[in-house]
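*Asks:* Submitted below is the structure of interest, expressed as structure tokens.
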Number of protein chains: 2
Amino acid sequence: MNDIITLDFGSGGKKTSQLIEEIILPAFNNDILNSLMDGAILNGHKKIVFSTDSFVISPYFFPGGDIGKLAVCGTINDILMCGAIPKYLSLSFILEEGFKIEDLKVIVNSIKETAEVCNVKIVTGDTKVVEKGKGDGIYINTSGIGFLEVESYGKDKIEDGDVVIVTGPVGDHGIAVMSARNNFFVDSSIKSDCMPLINLANIIFKYGDKVKIMRDPTRGGLATTLNEFVERTQLSIELFEDKIPIRREVLAACEVLGIDPLYSANEGKIVLIAAKSIAEDLLSDIKSLPEGEQAAIIGNVTSSYQGVVVLKTGIGGSRILNKLTGAQLPRIC
Amino acid sequence: MNDIITLDFGSGGKKTSQLIEEIILPAFNNDILNSLMDGAILNGHKKIVFSTDSFVISPYFFPGGDIGKLAVCGTINDILMCGAIPKYLSLSFILEEGFKIEDLKVIVNSIKETAEVCNVKIVTGDTKVVEKGKGDGIYINTSGIGFLEVESYGKDKIEDGDVVIVTGPVGDHGIAVMSARNNFFVDSSIKSDCMPLINLANIIFKYGDKVKIMRDPTRGGLATTLNEFVERTQLSIELFEDKIPIRREVLAACEVLGIDPLYSANEGKIVLIAAKSIAEDLLSDIKSLPEGEQAAIIGNVTSSYQGVVVLKTGIGGSRILNKLTGAQLPRIC
């Protein structure tokens, strides 16, 4: 095997086969993938969830993860947020000529480990290679299929008086990537929160339709996701600034970088809206998991305004939080 | 709306929403996509087929199609080749900063038209933007789900005496793209054969397990696909050079470009192996479709050799056809 990716690896011929047989199949070894058909034949389910994401994060190794781990978490988490248990993933690489085989092996191993934790199978895939200067090392698309568990989630279920819960401190992923990209905070302890949300989601699923909607606030951060929950509805969200968990070091980095942590991407958090009647029980269940220890009720739904998110500041003021404008943090995922 | 894609369009914020609402949703208008969840909730099926492909073709407009049409045909055709009826597609763009919105609209329209012809819904998607010089205009990933119709296809079904059928002349796509890329043959009539194989597949499905395996010979061409059928088996394929349909102008272009048409990509052809007993009936059914008019029986399976493809030449000689070695035609799909 070469040390670097050459155009041959994308030809569909012998080099493509070698890449598949020496790196891909040994990592994801399962009968469905091993059959090397043009697609995977799978057991289905009455209701399925289908999701896709392309990942172009720069740099592709970052504190707390890499593009491989992110690509699995991203799609698995999207499926979970729709109320389904993720089952199968596809995996498609766009590699730039000159990309190190050694780096590919590390990334493939991250994919394998993350998928295994979630009991998800990589069942089909594709590899393309583009000339040097037409990519940036590695881009990955994952698409996934899950079996629907809770069918009731949707913004039309949100009611006046519901509460907003976040499962942990916000902004970590965006700040970790920005730090890595700029070589800021070399000694910093800030890591991406990139992780599969399967354990948290399994707890939330138990509350059935008492949970109205949930989402992992990735690009655009907490503020953009909450706006999506209420835009074009008759309801709004009041958010209490001093209730929102944010790590001290993330807050400090945000000040230096001029970034608002409420718009910084998360890759291991859930924000959800739930009925007030079950909110405390749900919160305490979430807090029982290590990844939910710092969960908090951070706001509530109100009909006082329409379609907006209002931040109540610590000193008693209030301001409208819009969706993210501009590209505060390009290529964060 | 701007004239060109800027990094903001990939931010997950307001510009991303604008792109989705002004270009994506109007084209693919359906209730599932319109819900704008992180994934699509779909009616499933007992057995499903799942396939993925990323498309990096250069140039993204070529004679006979564009990257949008190709991205839909590519994944739909892979699903058909596994014996399933394609139902749902995901659509993920990686756009380069500076890409023309006008070009995006043309490509989105091709996607819409091709998906409609096949009665396939675009149900979920994603858009990422990379900086100028980190992409090449547009890369597209499509993944797709189909409902299984014929479960028996596989190389383990191939038997001594079976015949090899191709549904039309080979090599068109590769040569059309090479011509466009090099501005060769400006006045040439060579067009890509890029098309959905749904009508051909529907005819083939009727023959059940009398058809042993089928594939659309894309990257690596006819020779590579036939090698994949018999590699690591006790059987081999004898191919009759003078039976293989190739357009005269493609053959001429191949000679100029130094390309073997048997290794040139196809995007609208099927090569299959079928029981001898039904071969003539199947061939005549295929020929009844406009896209199958030039179909031919081009070879047969034999146990005289093991795991190889042997080309019987017009003058009575024979040579081994290997899988494609090297990147004869990079970024052909």
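Rule-based calculations on the coordinates, nothing more; no lab input. The structure displayed is predicted, hence computed values, not measured ones. Glycine also receives a Cβ, built like all others from the backbone with ideal geometry; neighbour counts cover every protein chain displayed.
*Asks:* Could you work out the mean count of beta carbons from other protein chains within 10 Å of each residue's beta carbon in B:107-116?
*Replies:* Per residue, the average neighbour count from other chains is 0.
*Asks:* Further, regarding this structure: What is the sum of charges around B:Ser288, taking Lys and Arg as +1, Asp and Glu as -1, for the other residues whose C-beta is under 14 Å from the C-beta of B:Ser288?
*Replies:* -3
*Asks:* 5 Å is the cut-off here: which amide hydrogens, built 1.01 Å from N in the peptide plane, fall below it relative to B:Val170, excluding neighbours closer than 5 in sequence?
*Replies:* When sequence neighbours closer than 5 places are left aside, the close amide H contacts are B:Ile246, B:Arg247.
*Asks:* What is the spin-label model distance, in nm, from A:Lys47 to B:Glu102 if the labels are put 7 Å beyond Cα along the C-beta direction?
*Replies:* Rounded to a tenth, the inter-label distance reads 4.6 nm.
*Asks:* When you look at the Cβ of every residue in B:121-130, what mean number of other chain Cβ atoms sits within 10 Å?
*Replies:* Mean inter-chain Cβ contacts per residue within 10 Å come to 5.
*Asks:* Which distance in nm do the two modelled labels at B:Ile320 and A:Ser152 give, with both placed 7 Å along the Cα-to-Cβ direction?
*Replies:* According to this spin-label approximation, the distance is 6.5 nm.
*Asks:* Further question: Taking the radius of gyration and the Kirkwood hydrodynamic radius from Cα positions alone, what is the Rg/Rh ratio for the protein assembly as shown, to two decimal places?
*Replies:* 1.00
*Asks:* Moving on to the next point. Non-local amide H neighbours of B:Val130 (under 5 Å, H modeled in plane, Pro and chain starts lacking H): which ones?
*Replies:* So B:Val130 has HN proximity to B:Leu95, B:Glu96, B:Glu97.
*Asks:* What list do you get for A:Met195, B:Met81 if you sort them by fewest beta carbons within 10 Å?
*Replies:* A:Met195, B:Met81
*Asks:* OK, next. Once the label point is set 7 Å along the Cα-to-beta-carbon vector, what list of distances in nm do you get between A:Tyr305 and its counterparts in the other copies?
*Replies:* In ascending order, 7.5 nm.
*Asks:* Over chain A, calculate the relative contact order: mean separation of alpha carbon pairs under 8 Å at least 6 apart, over the residue count, as a percent. Present the calculation step by step, with values, prior to reporting the outcome.
*Replies:* Values: 740 pairs, mean separation 74.3, N = 333.
Averaging sequence separation for qualifying contacts and normalising by length gives 22 percent for chain A.
*Asks:* Please find the FRET efficiency linking B:Leu36 to A:Lys206, where r is the Cβ-Cβ separation and R0 is fixed at 30 Å, and quote it to the nearest 0.05.
*Replies:* The value I calculate is 0.70.
*Asks:* Another question, then. Check every DSSP H run in chain A and write down those whose alpha carbon atoms cover 18 angstrom or more along the long axis and whose mean Kyte-Doolittle hydropathy is -1.0 or greater.
*Replies:* Both cut-offs are met by A:67-81, A:101-117.
*Asks:* In straight Cα distance, which lysines are under 28 Å from A:Lys243, not counting same-chain residues fewer than 8 positions off?
*Replies:* A:Lys155, A:Lys157, A:Lys191, A:Lys206, A:Lys210, A:Lys212, A:Lys269, A:Lys276, A:Lys287, A:Lys312, A:Lys323, B:Lys14
*Asks:* Cα centroids of the range A:105-132 and the range B:70-118: how far apart, whole angstrom?
*Replies:* Going from one Cα centre to the other spans 23 Å.
*Asks:* Counting partner chain Cβ atoms within 10 Å of every residue's Cβ in A:2-11, what's the average?
*Replies:* 4
*Asks:* State the extension gain, in nm to one decimal, for the chain segment bounded by B:Glu116 and B:Asp242, taking 0.36 nm per residue of separation less the distance between their alpha-carbons. Write down the numbers at each step before the final one.
*Replies:* On the way: separation 126, 0.36 × 126 = 45.36 nm, distance 3.77 nm.
Length gained between B:Glu116 and B:Asp242: 41.6 nm.
*Asks:* In nm, to one decimal, how far is the B:Asn183 label point from the B:Asp281 one, both placed 7 Å along Cα→Cβ?
*Replies:* 5.5 nm
*Asks:* For the range B:14-52 and the range B:202-250, what is the separation of their C-alpha centers, rounded to whole Å?
*Replies:* For the range B:14-52 versus the range B:202-250, the Cα centre distance is 35 Å.
*Asks:* Label-to-label distances across copies for A:Asp31, with labels 7 Å out along Cα→Cβ, in nm, shortest first?
*Replies:* Ordered by distance, the counterparts are at 3.7 nm.
*Asks:* Students often check this: by mean Cβ neighbours within 10 Å, which of B:261-273, A:212-224 ranks highest, and how do the rest follow?
*Replies:* My ranking of the peptides, most packed first, is B:261-273, A:212-224.
*Asks:* What share of Cα pairs, in percent, lie more than 24 angstrom apart in chain A? Mind showing how you got there, number by number?
*Replies:* Details: 31093 of 55278 pairs.
In whole percent, the long-distance tail amounts to 56.
*Asks:* Along Cα-to-Cβ, 7 Å out, sits the label point; list in nm, shortest first, how far the one on A:Ser288 is from those in the other copies.
*Replies:* Those label-point separations list as 6.4 nm.
*Asks:* Sorted by packing (mean other beta-carbon atoms within 10 Å per residue), highest first, where do B:62-68, B:168-174 land?
*Replies:* Taking the mean over residues of other Cβ atoms within 10 Å, the ranking is B:168-174, B:62-68.
*Asks:* Here is a follow-up. Within 10 Å of each residue's Cβ, count the other Cβ atoms and sort A:Glu238, B:Glu280 from fewest upward.
*Replies:* Working: A:Glu238 18, B:Glu280 11.
So the ranking, lowest neighbour count to highest, is B:Glu280, A:Glu238.
*Asks:* What order do you get for B:Leu283, B:Leu80, B:Leu200 when you list them from fewest to most C-beta neighbours inside 10 Å?
*Replies:* B:Leu283, B:Leu200, B:Leu80
*Asks:* Tell me, what HN-Hα J-couplings in whole Hz come from the Karplus equation 6.51 cos²θ - 1.76 cosθ + 1.60 at θ = phi - 60° for each residue of the range A:17-26, using x for Gly and Pro?
*Replies:* 4, 4, 4, 5, 6, 9, 10, 6, 4, x
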